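Right, one structure below, let's go through it.
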Amino acid sequence: VLDAPGLRNDFYTNLVSWSKLTGKVAVGLSKQVYLWLETRGANPLEGLGEETITSTSFSPTVYLVVGTKVGRIVLYDQRSEALLDENLTFDGKGIVCICWMPDSKGFFAGNESGEVMFFRIDESTPSEPAICLKKTFKCHQQQICAGIAINSDGSQITVGGNDNCCSIWDIRDLAQPKLRYTLPHKAAVKAIAYCPWSKSLLATGGGSKDRTIRFWHTNSGTLLDTHHIKGQVTSLIWSSSKRQLVAAFGFGDLESPVLVSVFQYPKMTPVLQVLATVNLRALCAVASPDCSSICVAANDETVRFYELWSPKRDSISDFQQGGVLGSDIIELSEGIDKDGGLIR
């Protein structure tokens, strides 16, 4: 457990990120971002001024992006921790979440007015990479709820909103993103996660008035299953080595509060729980570079680390056994056969 004085107790932020390249953890504390590494401790980033930090995100390669409450986006080299470029969005709305393309050449940023912006990193001058706004599109009527996820091949994103739904967009043509499906919930949607071993399987989690984890087939918009829980879902993380899903909880069960649960998919049987005190809640959570652990930002101004799986297990690249999507017809459409099973 790390002390994190100044960590905002705010559902609508994403203030931690964990680098796959360097192993550094970025934590936004009030108006400053610190990069923590177990071997050296925490270093503050320079150049952020007096703006409140609302989001941080490492790219799969060399970059770190920081978003602020007034709409400023700042690009860093995560290795040298040097400031590379910055961009102030035209409407001054807070940047609540950032999601990188798989190739690290661009990223999506969601803001408080329900818009998603796509930025490219211009590397034409290698020593001076620049942030270039390429597209802005309206996704929700209310603010983006600190949740954007992109699928493994970069063809689709899902965006969570404060208007009790999330939306799936076809982004194969980044110049003209196309709305595919709107997925209804009963509260704000922050927790969104594409399954790494079943590319068309999406998990979403609703807020305090919803308290449900839903599973969707993203190519058809079909609701596959629902699992009711006793807490506000703030993050969902799939295991890359097991058929398991981690959920982190905000406001929860007052009698038996839980901070983190690991469920066996698809039956959603709990296999591990991290208990909490009544007032402790998770604001957001991210996976470690080897997907064996998670880092949780909590409302008591702490950052907590939990090892959930063995780091030595091999990842599941593409799980093709029947039952993953819960529908014979949908599984056949995805090329999954049930070894002689019949559709009746």
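The values are calculated or read from the model by the stated rules, or taken from the named source; none is laboratory data. Note that the coordinates shown come from a computational prediction; the quantities given were computed from them, not determined experimentally. All Cβ positions, glycine included, derive from the backbone under ideal geometry; neighbour counts span all protein chains shown.
If you check 278, 286 for being closer than 19 Å to residue 146 by Cβ and either modelled with pLDDT under 95 or among the β-branched types (Val, Ile, Thr) (or both), only one passes: 286. Residue count for the stretch 212-227 under the criterion of being farther than 18 Å from residue 167 by Cα and either among the acidic types (Asp, Glu) or touching an Asp or Glu at 6+ places or on another chain (Cβ under 9 Å) (or both): the result is 0. Being at pLDDT below 95, in contact with a strand residue (DSSP E or B) (Cβ under 7 Å, 6 or more places away or on another chain) and of a type in the set (Asp, Glu), is that true of even one residue in the stretch 33-47? Yes, because at least one residue in the stretch 33-47 is at pLDDT below 95, in contact with a strand residue (DSSP E or B) (Cβ under 7 Å, 6 or more places away or on another chain) and of a type in the set (Asp, Glu).
Exactly one residue among 95, 53 is under 15 Å from the mean Cα position of the chain (by Cα), more than 24 Å from residue 152 (Cβ to Cβ) and surrounded by 21 or more Cβ atoms within 10 Å (Cβ to Cβ), and that residue is 95.
Residues in the stretch 1-47 that are part of a strand (DSSP E or B), among the β-branched types (Val, Ile, Thr) and in contact (Cβ under 8 Å) with a residue 60 or more places away in the chain were compared, and the one that is nearest to residue 188 (Cα to Cα) is 16. Residues in the stretch 24-34 that are within 18 Å of residue 82 (Cβ to Cβ) and either of a type in the set (S, T, N, Q) or under 19 Å from the mean Cα position of the chain (by Cα) (or both): 24, 26, 32, 33. Does residue 80 satisfy the condition of being out of contact with any strand residue (DSSP E or B) (no Cβ under 6 Å at 6 or more places or on another chain) and small (Gly, Ala, Ser)? Yes; evaluated as a whole, the condition is true for this residue. When only residues in the stretch 223-275 that are small (Gly, Ala, Ser) and in a loop (DSSP other than H, G, I, E, B) count, which is surrounded by the fewest Cβ atoms within 10 Å (Cβ to Cβ)? Among them, the one singled out is 256.
Any chance the stretch 238-247 includes a residue that's within 17 Å of the chain's Cα centre (by Cα) and at pLDDT below 95? Checked the stretch 238-247: at least one residue is within 17 Å of the chain's Cα centre (by Cα) and at pLDDT below 95. Taken together, the residues in the stretch 120-147 that are closer than 23 Å to residue 58 by Cβ, surrounded by fewer than 22 Cβ atoms within 10 Å (Cβ to Cβ) and touching a strand residue (DSSP E or B) at 6+ places or on another chain (Cβ under 8 Å) amount to 10. Only a single criterion out of (1) closer than 25 Å to residue 115 by Cβ; (2) touching a Cys at 6+ places or on another chain (Cβ under 7 Å) is not satisfied by residue 238, namely (1).
For (1) in contact (Cβ under 8 Å) with a residue 12 or more places away in the chain; (2) touching a Lys or Arg at 6+ places or on another chain (Cβ under 6 Å); (3) more than 25 Å from residue 283 (Cβ to Cβ); (4) not hydroxyl-bearing (Ser, Thr, Tyr), each residue gets a yes or a no:
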site	(1), (2), (3), (4)
94	yes, yes, no, yes
104	yes, no, yes, no
110	yes, no, no, yes
129	yes, no, yes, yes
134	yes, yes, yes, yes
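Put simply, of 22, 68 the only residue that is at pLDDT 95 or above, out of contact with any His (no Cβ under 6 Å at 6 or more places or on another chain) and over 19 Å from residue 288 (Cβ atoms) is 68. Just one residue in the set 247, 282 is among the aliphatic types (A, V, I, L, M), over 21 Å from residue 28 (Cβ atoms) and touching a Ser or Thr at 6+ places or on another chain (Cβ under 7 Å); that residue is 247.
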